[in-house]
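To keep things clear, I will list the structure first and then write my remarks on it.
The values are calculated or read from the model by the stated rules, or taken from the named source; none is laboratory data. Quick caveat: nothing in here was measured; it's all calculated off a predicted structure. All Cβ positions, even for glycine, are placed from backbone atoms using ideal geometry, and neighbour counts span all protein chains on display.
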């Protein structure tokens, strides 16, 4: 089966997309739930067999992400990479979306001593930081994930100090992306729009378009 392009337009022009903040979306622990004592009711999440493995997909989380898509340029930031489009778009109604390509980033960095530096107080920078930083450049970013570590919060603080709005949205893997979190993300985007900050930042590097 052919995978969707890594950077599809998503039905809008590149110019309009680049005026919106980026919404980086993890899958496991955000949309695909795990670690629960008992699963949520079927109106909240349903089981799907994906590549031979059962996944409990949060219908509610997917709806919240779709609701936010008008305020953001949503992108996949997940170890699923292109599989998120191929396996989840029909199930969730999300996408196809651009994909932050962690494997491609690692290949570009292989043999290069300039790997993303570890943040203060950590032994190793989070494995997603380099690729997400490269993809987003200076654009405002909201990132939804269930496995932030201290290096992520240090990285976000450094972006804020440079005038690059950054919102980290930690989820619990048994609950996923909740309504209260969606409200915070929507309010954050609205605050950027009201000050014009979402339209004043640079584009991604050419090789990432």
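Could you tell me whether the stretch 30-44 includes any residue that is under 30 Å from residue 164 (Cα atoms) and in contact with a helix residue (DSSP H, G or I) (Cβ under 8 Å, 6 or more places away or on another chain)?
Step one: of the stretch 30-44, the residues under 30 Å from residue 164 (Cα atoms) are 30-32.
Subset that is in contact with a helix residue (DSSP H, G or I) (Cβ under 8 Å, 6 or more places away or on another chain): 30-31.
Within the stretch 30-44, one or more residues are under 30 Å from residue 164 (Cα atoms) and in contact with a helix residue (DSSP H, G or I) (Cβ under 8 Å, 6 or more places away or on another chain).
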- Query: Quick one: is residue 73 out of contact with any strand residue (DSSP E or B) (no Cβ under 9 Å at 6 or more places or on another chain) and crowded, with 16+ Cβ neighbours inside 10 Å?
  - Reply: no
- Message: Of all residues being at pLDDT below 90 and either part of a strand (DSSP E or B) or touching a strand residue (DSSP E or B) at 6+ places or on another chain (Cβ under 8 Å) (or both) in the stretch 18-43, which is nearest to residue 85 (Cα to Cα)? Just the residue, please.
- Response: 18
- Message: For a quick check of your reading of the model, give me the residue pairs whose first member lies in the stretch 152-163 and is under 19 Å from residue 131 (Cβ atoms), whose second is in a helix (DSSP H, G or I), with beta-carbon atoms closer than 9 Å and at least 6 apart or on different chains.
- Response: 152/129; 155/129; 155/132; 155/133; 159/133; 159/136
- Message: Of all residues being out of contact with any strand residue (DSSP E or B) (no Cβ under 8 Å at 6 or more places or on another chain) and either touching a residue at least 40 places away in the same chain (Cβ under 8 Å) or assigned to a strand (DSSP E or B) (or both) in the stretch 50-59, which is surrounded by the fewest Cβ atoms within 10 Å (Cβ to Cβ)? Just the residue, please.
- Response: 53
- So which of 132, 144 ends up being modelled with pLDDT of 95 or more, outside any helix (DSSP H, G or I), closer than 29 Å to residue 56 by Cα and within 18 Å of the chain's Cα centre (by Cα)? 144
- Item | Filtered residue count, the stretch 60-90, keeping only those that are over 19 Å from residue 173 (Cα atoms) and in a helix (DSSP H, G or I) | 9
